[in-house]
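For reference, the structure is listed below as structure tokens.
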Amino acid sequence: MLDYRFPTAMQMVFCIAQSQKADQRCTSAILATGLEANSSFIRKLMVPLTQHGIIVSTLGRTGSITLGRPAQEISLRDIYCAVIEDKRLWAARPDVPARCVVSANACMYFKNIVNEAEEASLQVLARHTVADALAEFERGGKYKCTKDLAAEYADSSLCSK
């Protein structure tokens, strides 16, 4: 089963940062619409992001979501660890009774390889910040919004033409 928590949370934080930079209001409803995601999923992702100080949400009719700290201080690793928590990238099979050289060693071998791969992934995510992403988007990098979404939100900070 595919897990969309990280890419969705990452895009949420990017949108919040861009809205904040443009001095525009950002709400869970705006995020849900812009990301074409279920609003309850967005609110569910907001909980760990808030608990980890990545975002701050104010309630009420004029409430808004903002970054909890400067964009250059929020790494993709921070976002990943907040929403994924302690779920492993790959799960090892339960320990199998040692009946041969393979069954006696495969589980521990797999766990060691997975630990190495996960640490490498986290190191890559740690090198990239929310500010880096926004700067790349603004430079007109290879990442573009679709025409339909850009037109629909032409006056919004979620996407620009």
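For the range 12-60 and the range 89-103, write down the distance between their C-alpha centroids in whole Å.
41 Å
Give the ranking of 129, 33, 66 by solvent-accessible surface, highest area first, calculated with a 1.4 Å probe.
Largest accessible area first, the residues go 33, 66, 129.
Assigning unit charges at the beta carbon (Lys, Arg +1; Asp, Glu -1) and nothing else, what dipole magnitude in debye, to the nearest 20, does the chain show about its Cα centre?
Working: 19 positive and 17 negative charges, 36 e Å.
Dipole about the Cα centre, nearest 20: 180 debye.
Hey, can you find the accessible area per residue of the range 10-74 for me, probe 1.4 Å, expressed in square angstrom?
Result: 55 Å² per residue.
Pairs of lysines 8 or more apart, or on different chains, with alpha carbons under 29 Å: count those in the chain, would you?
12
Just how large is the dipole of the range 18-70 about the Cα centre, in debye to the nearest 20, putting +1 at every Lys and Arg Cβ and -1 at every Asp and Glu Cβ?
Using Cβ point charges on Lys, Arg, Asp and Glu, the range 18-70 gives about 120 debye.
To the nearest 0.05, how large is the calculated FRET efficiency for residue 117 and residue 69 if R₀ is 25 Å and r is the Cβ-Cβ distance?
That gives a FRET efficiency of 0.30.
What net charge is computed for the residues neighbouring residue 56, neighbours being all others with C-beta under 14 Å from the C-beta of residue 56, Lys and Arg scored +1, Asp and Glu -1?
+1
Roughly what would the spin-label model give for residue 100 and residue 58, points 7 Å off Cα along C-beta, in nm?
It works out to 6.6 nm between the two label points.
Check which residues have an amide H placed less than 5 Å from residue 55's amide H, if you skip close sequence neighbours.
50, 68
Separation between the residue 38 and residue 91 pseudo-spin-labels, each 7 Å from Cα along Cα→Cβ, expressed in nm?
It is 2.0 nm.
The values are calculated or read from the model by the stated rules, or taken from the named source; none is laboratory data. Model, not experiment: these values are computed from the prediction. For neighbour counting, all protein chains shown are included, and Cβ atoms are generated from backbone atoms with ideal geometry for every residue, glycine included. We work out accessible area using only protein heavy atoms, side chains counted, and drop any ligands, DNA or RNA first. Shrake-Rupley method; radii C 1.70, N 1.55, O 1.52, S 1.80 Å.
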